[in-house]
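For reference, the structure discussed in these notes is given below.
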Amino acid sequence: MEKMLAHRMQLWRTTNTAVALQSITGRWAAQNSSVGRRDLHQQRFIRGSPLPLAVSGKWLNPHQLRFASGGAAAAAAGVNTAPGGEFMQAVSTTKLVDLPDIPAAPTPPVLGTNGIDVMEAVNAAGEPTFASIGLGGWSPIGIVQNCMEFLHCTWDLPWWGAIAIGTLVVRTIIFPLVIVAQRNSAKMNNNMPQMQMLQLKMTEARQSGNAIESARYAQEMMLFMKEKGVNPLKNMVVPLAQAPLFISFFMGLRQMANTPVDSMRDGGLFWFTDLTLADPYYLLPMITSATLYLTIEIGTDSARLSAANMNTMKYVLRALPIVIFPFTMNFPAAILTYWACSNFISLGQVALLRIPSVRDYFKIEKMQTHKPSALPPKKGFVGGMKESWDNMKITKEIEERQRLDEIRFAKAGKGPLVKTFKYDPTKITKTATAEPHMRLKEPPNEQR
């Protein structure tokens with residue numbers, strides 16, 4: 001009886017061990033079936049006779065029973081490992097399959113491989129280069145951006161300092177053009193009375209329809225300007241040179257602010273520390289408009305261009321700072337920094353050229369003040385606009401008259417002759433003869 005109980009206890013322990021091993025093996029297979037990186041083949045063999053008890057076949061399958069180790073572990077579990085035993089003898093044999101080697105970690109790219117160079121993505125200041133963020137190049141805008149990057153990285157300047165120094169360098173380069181314009185302005189001012197008299201005569205001849213007199217006065221005007229070395233187009237040299245530079249700086253700085261360049265967020269000065277945003281206090285737009293107005297006023301006064309034909313232009317230029325103020329309010333601070341610096345440099349140049357010794361050094365004539373009686377009477381803004389309108393109407397009427405005359409002349413040469421006589425002189429008509437009895441007798445000669 002005791003032997004039978006011992007056998008049943010041994011069988012019960014073996015059954016529990018098999019069930020536990022089966023559940024552990026099932027969970028491990030479920031976790032590793034999706035990975036598919038290794039395959040563990042297990043073979044279980046049962047020695048001896050089959051179990052005397054009729055138990056469920058789900059654990060009697062010889063391929064579902066496995067022990068982690070050999071006979072020692074089986075003996076510890078209470079299983080009879082002696083050959084030919086009466087009960088189930090479980091022998092664990094495990095076959096390990098060689099797994100593929102774990103791939104080595106990828107090596108970092110070598111500098112210069114496939115055109116990739118890490119050093120090219122970082123500049124001397126430790127910031128991303130403009131080329132790596134889509135800025136720079138060989139266009140006018142890209143050249144301006146490259147110059148700004150050079151000043152900021154090479155000289156370790158803040159962005160506001162790089163913009164100011166770049167503006168100063170560019171304005172210094174075009175300073176000789178300013179001198180040429182000032183020389184021409186001084187000559188035009190000193191010869192203004194003679195030029196205005198010739199222009200007035202030419203206008204009167206044009207209004208009267210006398211094309212010959214108008215052409216003659218125009219020729220005299222050209223000869224006089226050539227003799228005195230005056231050319232009105234020279235006054236446009238500075239604006240024409242500044243226009244492409246201003247557009248290049250404007251577009252380049254706007255792209256830098258919109259990208260944005262991270263270091264420009266704290267590259268400002270005083271209250272405008274972030275150059276990528278608009279000035280929250282609107283002080284930069286106000287300074288820009290004020291300095292632009294002063295530049296227009298002082299620059300115009302220095303040239304003494306106060307003739308009647310310049311009044312309209314002066315009024316337009318004076319209204320320009322007020323008109324552009326609503327637009328400059330939303331400009332990034334980087335653009336307004338450049339614009340304000342350019343205006344301050346212009347004021348400094350005009351003030352410098354007012355010094356007599358400087359004017360003598362650059363051979364700029366002294367500005368003469370003419371008496372009002374020596375100049376034609378000035379007209380106000382309304383009077384000048386009215387006169388311009390009248391001149392346009394007269395010029396249009398004269399051109400229309402000339403066109404009609406040409407049409408009539410061509411029609412008269414190609415069309416039929418117009419009858420301008422009472423009878424046709426080409427036809428011979430018989431002269432009427434009086435009858436003899438109707439003839440008048442000549443009076444007899446009186447004898448004295």
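Things to note:
- In the context of the full set of protein chains, segment 154-366 has a per residue accessible area of 54 Å² (1.4 Å probe).
- Here the gap between residue 283 and residue 233, fully extended at 0.36 nm per residue and compared with their Cα-Cα distance, gives a gain of 14.4 nm.
- Working note: Karplus 6.51/-1.76/1.60 with θ = phi - 60° gives segment 263-280 the couplings 5, 7, 5, 10, x, x, 9, 6, 8, 9, 6, 9, 7, 8, 10, 6, 5, x Hz, where Gly and Pro are set to x.
- Computed from phi, the 3J(HN,Hα) profile of segment 178-186 under the Karplus parametrisation 6.51, -1.76, 1.60 (θ = phi - 60°) reads 5, 5, 4, 5, 5, 4, 5, 5, 5 Hz, with x in place of Gly and Pro.
- Here the peptides 99-105, 276-282, 158-164, 391-397 are ranked by packing, the mean other Cβ count within 10 Å, and the order with the highest first is 158-164, 276-282, 391-397, 99-105.
- Scoring 337-343, 322-328, 128-134, 285-291 by mean Cβ neighbours within 10 Å over their residues and listing the highest first yields 337-343, 285-291, 128-134, 322-328.
- Sites residue 258 and residue 419 - FRET efficiency at Förster radius 60 Å, r taken between beta-carbons, to 0.05: 0.15
The values are calculated or read from the model by the stated rules, or taken from the named source; none is laboratory data. Only a predicted model underlies this, so the values are computations on that prediction, with no experimental measurement involved. Using ideal geometry, Cβ is built from the backbone for each residue, glycine included, and neighbour counts are taken over all protein chains shown. SASA here: full protein model, heavy atoms, side chains in, ligands and nucleic acids out. Shrake-Rupley method; radii C 1.70, N 1.55, O 1.52, S 1.80 Å.
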